[in-house]
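Okay, so here's the structure we're looking at.
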Amino acid sequence: MIESFIEKHNLPKYRLNQFNEQFYKQAIHSFDELTTWPKDLREQLKKELEFNSLIPEKQVHSQKDNTTKVLFKRKTNGQYIETVLMRYKDGRNSICVSCMVGCPVGCSFCATGKLGFHGNLSAREIVDQVMYFKRQLVKENQTVTNIVFMGMGEPMLNLKEVLGAIDTFTSPEKLAMSSRRITVSTSGYAPQLKTLLKTGFKGKLAISLHAPNQELRETMMPVAKAFDLEQLFTVLKDYEKQNNKIITYEYILIDHINDQEKHAKQLAKLLKNRLAHVNLIPYNPIFGVDYKRSSKNNIHKFSKILTDAGISNTIRVTMGDDVNAACGQLAGQAG
Ligand code: SF4
């Protein structure tokens, strides 16, 4: 965006540096605050470039914890997306970004999947979700510490724009975040994952696994029919080799579906001798889906079986479920 403005007006390189410093690092609230640029140039910029690609329509804050969900309207076509800021007690401010409007994957437990697919977000729209919260955090002398691609959409199916956004997040001139602070999550598109690895991706990887065997996975996640566990784990092995980093496996625990003792044992076997951490997520109810959250007893039993088998795991503290901002609950409507 700004690069083409600089080029079109034949501006010196330092104008770009000034822009990046104020727009991304200082997180200014409008082009009027771009005070390192002369007024006439700012006015020209305002005429040619939108300060924001998204309009925040509604913001809801969880009473239970420090989670904030925002409903954004896309300036291009009026569609809605959602983004969540999770403030942790240890000081981390993690933003869960969306990369699509809806999602074509259709996982059985996910509110976004129920919407169907309505479009890909641009890299700019992904970045603007983060900038919205960064502007709020900077006012409190805080900043964005982590970004997770776990909102609406499957990042592997909008890879070009996702990579463009990651470039802005990690570029030293822009948001200058360490790639260790960026997590990309996928439901298991093995070929696209391979492409991501070929780019030299150094961020963290999270796999939405949710079932410990092929048969059950196919009933919960249609992607599993196209790319089976064997294909997926072949690519994941490459990631382990390339980055020597632990992969997080997301596992939503659903009562009597995937939370039995046999499932925990199968999962332990599947992840044995891998650089793996399992994130056990108590299921968050969504409208129109008949699943129930596993009992506390089953959740702890499941976790213990993994621990006893030497598989690192944690039970995720559910954040934002009172405002439908928890995992699997984003559906483009705040509140
Ligand atoms: S879990 Fe992820 S991949 Fe599956 S439908 Fe929801 S948003 Fe799409």
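What follows is calculated from the coordinates using simple rules that are stated; it is not laboratory data. All values derive from a computational prediction rather than experimental measurement. Because the Cβ atoms are built from the backbone with ideal geometry, glycine has one as well, and the counts that use them run over all protein chains shown.
Could you tell me how far the Cα centroid of the stretch 110-135 sits from the Cα centroid of the stretch 163-226, in Å? One Cα centre to the other: 16 Å. Distance between the modelled labels on Arg316 and Gln79, one decimal in nanometres: 2.3 nm (7 Å Cα→Cβ projection). Taking 19 Å as the straight-line reach from the Cα of Lys204, the aspartates and glutamates in range (excluding those fewer than 8 positions away in the same chain) are Glu154, Glu161, Asp167, Asp238, Glu240, Glu250. Inter-label distance, Leu16 to Glu57: 3.6 nm, where each label sits 7 Å from its Cα along the C-beta direction. Which of the residue pairs Lys237/Lys272; Lys64/Lys292; Lys114/Lys269 have a Cα-Cα distance greater than 24 Å in the structure shown? Where the Cα-Cα span goes over 24 Å, the pairs concerned are Lys114/Lys269. Extending 7 Å from Cα along the Cβ direction at Val289 and again at Thr307 yields two label points whose distance is 2.7 nm. Amide H to amide H, with H built 1.01 Å from N, Tyr249 comes under 5 Å of Ile207, His277, Val278, Asn279, counting only residues 5 or more places away or on other chains. Remark: Tyr80, Tyr14 ranked as Tyr14, Tyr80, counting other beta-carbon atoms within 10 Å and listing the fewest first.
Over 19 Å between C-alpha atoms is what I'm after, so list which of Lys25/Lys134; Lys75/Lys174; Lys160/Lys202 land there. Flagged as over cut-off: Lys75/Lys174. FRET efficiency for the Glu218 to Gln266 pair, using the beta carbon distance and R₀ = 22 Å, is estimated at 0.90. Please report the spacing between the Cα centers of the stretch 251-286 and the stretch 69-91 in Å, no decimals. Measuring centre to centre over Cα atoms gives 28 Å. Taking amide H positions as modeled 1.01 Å from N, with prolines and chain starts lacking one, the residues under 5 Å from Gln79 and 5 or more places away or on another chain are Arg74. Protection proxy ranking, highest mean first, for peptides 40-48, 223-231, 162-170: 162-170, 223-231, 40-48, where packing is the per-residue count of other beta-carbon atoms within 10 Å, averaged. Where both bridge residues fall in the chain, DSSP classifies roughly 50% of the beta bridges as antiparallel. Placing unit charges on the Cβ atoms of the charged side chains and taking the dipole of the stretch 1-51 about its Cα centre, the candidate lying farthest along the positive direction among Ala27, Asn10, Leu45 is Asn10.
Starting from the Cα of Ile2, step 7 Å toward the Cβ, then list every residue of the stretch 72-115 with an amide N under 14 Å from that point. Backbone N within reach: none found. Whole-Hz Karplus values for the stretch 104-119 come out as x, 6, x, 5, 5, 9, 10, 5, 5, x, 5, 6, x, 9, 10, x Hz, taken residue by residue from phi with 6.51 cos²θ - 1.76 cosθ + 1.60 and θ = phi - 60°; glycine and proline positions read x.
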